[in-house]
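The values are calculated or read from the model by the stated rules, or taken from the named source; none is laboratory data. Please read these numbers as outputs of a predicted model, since none were measured by experiment. Glycine gets a Cβ as well: all are built from the backbone with ideal geometry, and neighbour counts include every protein chain shown. In case anyone asks, the SASA skips ligands and DNA or RNA and just uses the protein heavy atoms, side chains included. Shrake-Rupley method; radii C 1.70, N 1.55, O 1.52, S 1.80 Å.
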Amino acid sequence: MAPALRQYISFMESQKKRERTFSFEFFPPRTEEGKAALHHTAAQLGQLGPRFMSVTFGAGGSTREGTFETVREIKNHGFEAAPHISCIGSTRDQLRQILRGYMALGVRHLVALRGDLPSGTVAAGELRYANELVEFIRAETGTHFYVEVAAYPETHPQAASAEADRLNFRRKVLAGADSAITQYFYNTDAYFRFVDDCESLGMDIAIVPGIMPITNFKQLARFSDACGAEIPRWIRRRLEGYGDDIEAIRAFGLDVTTELCDRLLAAGAPGLHFYTLNRAGPTSTIWERLAL
Ligand code: FAD
């Protein structure tokens with residue numbers, strides 16, 4: 001049997017037991033207009049019945065209030081909110097205050113990250129890596145929070161090697177992470193292989209694929225250069241070929257992303273986490289096409 005097929009079958013076998021989780025990610029809007037738009041987006045996507053909606057957090061606490069307000073807004077809509085929290089650039093005491101604030105708000109779900117220091121920032125904070133943040137959350141709050149962490153099927157850009165990165169991912173699982181959400185990717189083999197390798201290392205948590213709908217090539221290329229997610233050559237060349245034809249980019253991008261989701265779910269992926277960029281349209285279209 002070809003190795004890729006063996007990989008695929010092994011992945012399908014291992015995932016059969018998991019319940020699927022669908023979730024949507026937002027960033028805290030900065031303007032009144034952005035807040036009003038997110039209000040509509042959350043209401044619209046909420047009708048799809050996600051397990052939770054997560055809200056990003058600027059490293060060093062730059063969006064601390066914005067994240068908190070957006071989480072409150074999502075809870076007011078009646079949905080489960082999962083704030084992201086990152087440790088870089090923060091002290092233990094600042095992190096403790098944030099955790100207490102969320103406990104008081106009735107939040108039970110977190111996405112725990114290291115974060116990236118904005119350029120020019122010097123103080124890295126008291127916790128260096130996300131595994132230390134997960135340990136801190138468990139030490140401070142026990143099992144109050146369901147804790148998600150980040151995973152990188154195509155390897156984190158700063159990792160010494162792919163293997164070192166998997167072992168570092170395992171540190172987060174051993175520290176008490178309940179499940180993981182991946183960086184976005186367009187290469188399903190990277191994901192299947194990553195999940196298989198993690199299981200070989202004894203990790204038994206759901207690793208939910210992060211999905212970035214393709215709607216804007218320049219923006220996607222910028223994000224991908226920054227976070228190390230690969231845009232396969234054939235996709236990049238097609239998108240470049242459309243130039244400024246936004247409709248063509250959108251149509252092709254939604255086809256590619258829908259096929260990606262379809263393949264992942266057919267193979268037994270334990271759900272999907274959509275990076276919505278605060279827009280309902282692309283995610284709803286993919287959702288309808290998948291007939292979820
Ligand atoms: P870590 O798991 O700490 O890993 C960072 C690097 O250090 C990796 O190269 C790893 O191999 C290495 N490493 C880890 N542990 C150790 C160790 N103990 N010793 C030595 N090396 C180690 N960023 C934000 O600022 N705000 C957000 O809201 C946000 N949300 C995200 C959501 C998801 C689902 C994902 C996938 C990413 C998100 N990010 C966010 C980006 C993330 O903060 C960056 O990718 C960051 O560079 C790494 O964060 P991490 O939690 O994966 O770090």
Note on the range 262-279: residues open to solvent by less than 10 Å² (accessible area, probe 1.4 Å) and within 21 Å of Ala42 (Cα to Cα) are Gly271, Leu272, His273, Phe274, Thr276
Selection from the range 158-191 of residues that are in a helix (DSSP H, G or I), more than 9 Å from the ligand (Cβ to nearest atom) and among the charged types (D, E, K, R)
Glu163, Arg170, Asp189
Just for the range 47-57: of the residues that are more than 12 Å from the ligand (Cβ to nearest atom) and outside any strand (DSSP E or B), which one is most open to solvent (accessible area, probe 1.4 Å)?
Gln47
What residue, among those in the range 74-86 that are at pLDDT 95 or above and assigned to a helix (DSSP H, G or I), is least open to solvent (accessible area, probe 1.4 Å)?
Ile74
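Can you say whether Glu132 is part of a helix (DSSP H, G or I) and open to solvent by 60 Å² or more (accessible area, probe 1.4 Å), as far as the supplied structure shows? Explain how you work it out, then say what you get.
On the way: part of a helix (DSSP H, G or I): yes; open to solvent by 60 Å² or more (accessible area, probe 1.4 Å): no.
No: the conditions fail for Glu132.
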Being in contact with a Pro (Cβ under 6 Å, 6 or more places away or on another chain), part of a helix (DSSP H, G or I) and at pLDDT 95 or above is the requirement here; does Pro213 meet it?
no
Under 8 Å by Cβ, and 6 or more places apart or on different chains, what pairs join a residue from the range 171-182 that is over 11 Å from Ile207 (Cα atoms) with one that is of a type outside the set (A, V, I, L, M, F, W, C) and open to solvent by 30 Å² or more (accessible area, probe 1.4 Å)?
Arg171/Tyr129; Ala175/Glu132; Ala175/Glu135; Ala175/Arg138; Gly176/Glu135; Gly176/Arg138
Say we look at the range 217-230 and pick out the residues that are part of a helix (DSSP H, G or I) and among the hydrophobic types (A, V, I, L, M, F, W, C); which of these is nearest to the ligand (Cβ to nearest atom)?
Cys227
Condition broken by Gln183, with the remaining ones in (1) open to solvent by less than 10 Å² (accessible area, probe 1.4 Å); (2) closer than 21 Å to Phe52 by Cβ satisfied:
(1)
Can you work out which of the residues in the range 135-173 that are open to solvent by 30 Å² or more (accessible area, probe 1.4 Å) and of a type in the set (Asp, Glu) is farthest from Ile85 (Cα to Cα)?
Glu163
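Let me confirm something: among Gly60, Gly89, Gly34, Gly66, which residue is within 20 Å of Ala226 (Cβ to Cβ) and assigned to a helix (DSSP H, G or I)?
Working: Gly89 fails: assigned to a helix (DSSP H, G or I); Gly34 fails: within 20 Å of Ala226 (Cβ to Cβ); Gly66 fails: within 20 Å of Ala226 (Cβ to Cβ).
Sole residue among the options that is within 20 Å of Ala226 (Cβ to Cβ) and assigned to a helix (DSSP H, G or I): Gly60.
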Restricting attention to the range 104-127, does a residue exist that is open to solvent by less than 50 Å² (accessible area, probe 1.4 Å) and assigned to a helix (DSSP H, G or I)?
yes
Cβ-Cβ distance below 8 Å, separation of 6 or more or different chains: which pairs start in the range 207-229 with a residue that is polar (S, T, N, Q) and end on one that is open to solvent by less than 50 Å² (accessible area, probe 1.4 Å) and not in a loop (DSSP other than H, G, I, E, B)?
Thr215/Ile249; Thr215/Gly253; Thr215/Leu254; Thr215/Pro282; Asn216/Ile249
Checklist (1) within 16 Å of the ligand (Cβ to nearest atom); (2) open to solvent by 50 Å² or more (accessible area, probe 1.4 Å); (3) among the polar types (S, T, N, Q); (4) farther than 30 Å from Glu126 by Cα applied to Thr21, failing item
(2)
Does Gln44 count as assigned to a helix (DSSP H, G or I), over 16 Å from Val134 (Cα atoms) and either at pLDDT below 95 or over 19 Å from the mean Cα position of the chain (by Cα) (or both)?
yes
